[in-house]
Amino acid sequence: MVHTAISGGETPGGKVRFKKPTPGQFPYYELAGDQLSHGASLGNRKIWVNTTSTGHIKDVFCNSIGTRVLGPMIITYAVPTRTLLSSVSDPRNIDPARPAYVLLGRDGPGVARIHPFRQQHVFDLAGELHVEETVLVPKLNAEDPPLVLQKIVIWNNGYTDVKVLVTVRSNMQGELGDDLIVNYNPDLRALEVTNESHPDWARIIGAPCMSVHYRTTRDVSAGYAGELEPRLQSDSSSTSGPVGEIQFELPVSAGASAQAIVICAVSGEGISDARKWYGDCSDFDQYEKTMMAHLAPLGGKSMVETPDPIINQGIFWSKIDMLKVMADYPQGSAFTNDPGRSSNVVARDVAWFVYGCDYLDPDFSEQLLTKFADLQYENGMIPEYFNAIDGAVENYGLSMNDDTPLFVLACCHHYSLTRDRKFLEKVYPAVKKAADFMIAQQDERGLIMVQADGYGAKGIASWRNVIPNYQIHGAVTEINSECYAALQSMSGMSREMGDDEYANALKKAADDLKQSINTHLLNPGNGLYYLNIEPSGAAHTDVTADQVFPVLFGVADTTVSNRIVSRLREDDFLTSAGLRTVPRNSPDYQPSTLSGLKGGVWPGVAFWYAFAASQTYSEYMIESLHAGYLQYMLDPLKNNTVPGEFSEWFDGESLVNRGMRLSPWEPPRLLWAAVEGLCGISFDGAKCNIEPTHPEHWKWLALRRMPFWDGYLTFFAVTAENGITIYSSDPVETSCELHVVGRDVSQRAMVNDYRIHRAAFLKDGILTLCLGSEANTFTTVTITIRDDLLEKNRKYDVRMYARASGWADIGQRSGAELSDMAVNIEGGEFRVVTIAACG
């Protein structure tokens, strides 16, 4: 598999350009405006917004009521004329005293820009007007507002002033009934919409700073370029209908620009609540500044930085996409299995989300886990899902499921990372009850058994549980592997609680289960695992991507693990985007249907595989991390993707996305696989272990600001002839040479080239600066060090380490000289600089 780098450049074919961040901003992707099949998905804790490929709003989903409350919102532009020459007969007469307005079409596709939480489209009109439309969903530190803002900026490159007529047409009905009640609020300059059947389901659409005209209509036809645009008269007797129109003039002087903001506010708590949010809306630019102040620290958590720019970008966007789906519902904080369409919260998805979210927002992880602990069935089983609106639960009638061991594992993972004693004491009864329930499902062979009488979701005990007319039950290798790991992890949790006798019993139960799995579920015919053995005794020998589970959860020994990792990399499984769920040569292979679960390519499987391969096949690991994210950027128009968004699954042949636009399942698995697989982070009681697994040709690897107990862990690993050396902010367990070099001060040592990654540490007056390059070429980077790290008039001894030449004494320099210094670094290489105060 060939790695593709787009560090500051383009993907193959030049379709997508990665744009470096400017001060105070995040990086973004840019591509031609006609190279998207759909637009970005944007979300905060209150709403979910889908956009179109042309930059318009497609729909707005209100989380508190669980439905789409607004449909498409289209913006058009027109300019005045007193004379219309047309080859088409037009029955409308133009009043000489009043100019008519002619609709303008876009001059070409323009440019689309995909930012975190906003999307921009830039295009020209009539050769002289340059337009920038931005859709923003605010993501704030305080309570997220249920708002979507559209900023319109028009530059007039012509020689005469012009008044541009802007019309915003909105489908006010969404998925609701047609019993609309629409009023115009002159104070807000907005249409206010509710439903007679649901008077509390409110939405407001307006332009608060403009002189607005309006109407409602049933006319859903859109004008085309060259047609006349009617000037609205705000006639309250206009025909009522589901389409709301607001219109205003935007004067733009020659050589200048002008802007307007259109705001949509929604609420499930009545029009007064919607008015509050609409009225509290500050200006667009202030929202952007507030968002950056909130998001920059979050984006800066668990920064896995490598010589591979694709992996680096994937890690960044995985955190952005996780933040998008974190939402507030009547049942509490959660994320759903299909944002913008469903309100179901699936325990399996929650567990895997926690594995990544613990490295981003551990508090959100805790809320998810304690909610499922509260919903646990009396027998100890965890429900398949609950509805975030009404709290209803479902388990599909299975006697056992994968949700239960995954819940235990997620609770253990969260405690290992946070050491939160209150959390441990709160969930321990539920986790213990779940462990007892798992053990009670063992048969005479010692295997965990699942009884299922139906098909599809009612007959499949697996993550692939939506395949119709299909069963996976009995002794399922996936579930048995998860139960082994859950019992093993639970043993450690019990010991933390001082319950040593129970901990010993769980340890023995785990060891016995592992032996039973390898005795009965390991197929002697091929040295791989059975998919499952039915209650009737029929063994299913299907070799699927589910083979990864015994490796992930430590059931398979080294020989079998290597065999599985190698088998899954054969051509019938492997594609340029990751692994097929079912191999190409299987009679079951159906790459384009069944949610991709019988031959499609799920990026999350590639990330599972990356973790599984990390201990012995580091090259396979980074190939999977790289390929699993790169596919989102390769030809978005063809592949039905949006750069930076983790869509659900790809066709096993065409590699076109056929799943949801933004899947909540995939991003956390990439972050987890990078932190625990690539960086080699693990926990053993109160000990944190670091055993990096990067391949030999990588010379450096960094992890910055990983949430760790009540603080953060940062390390920078370098590879030289004598092996790996780790520079760390904290004492850790490792087989590598370790230097504990003090607290992370990276935010006070800035570089001028985003391709150069840095970690800075301060201890006992010694500043240690580690630099790693993702660039392909030799680079000179400037490092700016804040005054509070170095005294301007003091002398410092400077030393620098390069892999080729070893340590070199640079000599003495003043703090003033070192506050702005340049370092040369080869492509893919590293430097370590120490600055120690003299005397």
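Between Gln120, Gly24, Gly811, the Cα set farthest toward the positive side of the dipole of the chain (charges on each charged residue's Cβ, about the Cα centre) is that of Gly811. Between Tyr455 and Val656, the modelled labels are 2.8 nm apart [label points 7 Å from Cα along Cα→Cβ].
Spatial offset of the range 274-293 relative to the range 331-394 amounts to 30 Å, using the alpha carbon center of each. Once the chain from Tyr159 to Ile181 is taken as fully extended at 0.36 nm per residue, the excess over their C-alpha distance is 3.4 nm. Legend: residue pairs Lys289/Lys687; Lys319/Lys598; Lys19/Lys151; Lys15/Lys598; Lys19/Lys638, Cα-Cα distance threshold 32 Å; pairs beyond threshold, Lys289/Lys687. The C-alpha atoms of the chain define a longest principal axis, and helix 618-630 lies at about 20 degrees to it.
For Arg786 and Glu619, what is the calculated FRET efficiency with R₀ set at 30 Å and r taken between the beta-carbons, to the nearest 0.05? The computed FRET efficiency comes out at 0.15. Semi-axes of the equivalent ellipsoid of the chain are 48, 37, 25 Å, computed as sqrt(5λ) over the eigenvalues of the C-alpha gyration tensor in descending order. The residues of the range 338-377 present an accessible area of 26 Å² per residue when probed at 1.4 Å with all protein chains retained. Using the alpha-carbon centroid of each, what span in Å lies between the range 487-561 and the range 601-621? Result: 20 Å between the Cα centres.
Compared with the dominant Cα axis of the chain, that is its longest principal axis, helix 347-357 is turned about 90°.
Maximal additional length on extending the His540-Glu733 stretch stands at 65.3 nm, based on 0.36 nm per residue less the C-alpha distance.
Fully extending the segment from Arg567 to Ile810, taken as 0.36 nm per residue of separation minus the present Cα-Cα distance, adds 82.4 nm. Take every DSSP beta bridge whose two residues both sit in the chain; close to 95 percent of them are antiparallel. Averaged over its residues, the range 443-583 has an accessible area of 37 Å² per residue, based on protein heavy atoms and a 1.4 Å probe.
Surface exposure of the range 690-836, expressed per residue as accessible area with a 1.4 Å probe, stands at 45 Å². Cα centroids of the range 565-584 and the range 675-746: 31 Å apart.
Between Arg803 and Val740, what's the calculated FRET efficiency when r is the beta-carbon distance and R0 is 25 Å? Round to 0.05. With a Förster radius of 25 Å, E is 0.70. Taken about its Cα centre, the range 103-158 carries a charge dipole of roughly 140 debye when the Cβ of each Lys and Arg holds +1 and the Cβ of each Asp and Glu holds -1. What a 1.4 Å probe finds exposed on the chain is 47% carbon and sulfur by accessible area, rounded to a whole percent.
The values are calculated or read from the model by the stated rules, or taken from the named source; none is laboratory data. What you are looking at is a predicted structure, and each value in this text was computed from that prediction instead of being measured. When we count neighbours, we look across all protein chains shown, and the Cβ atoms used for this are built from the backbone with ideal geometry, even at glycine. Please note that ligands, DNA and RNA were not included when accessible areas were found on the heavy atoms of the full protein model with its side chains. Shrake-Rupley method; radii C 1.70, N 1.55, O 1.52, S 1.80 Å.
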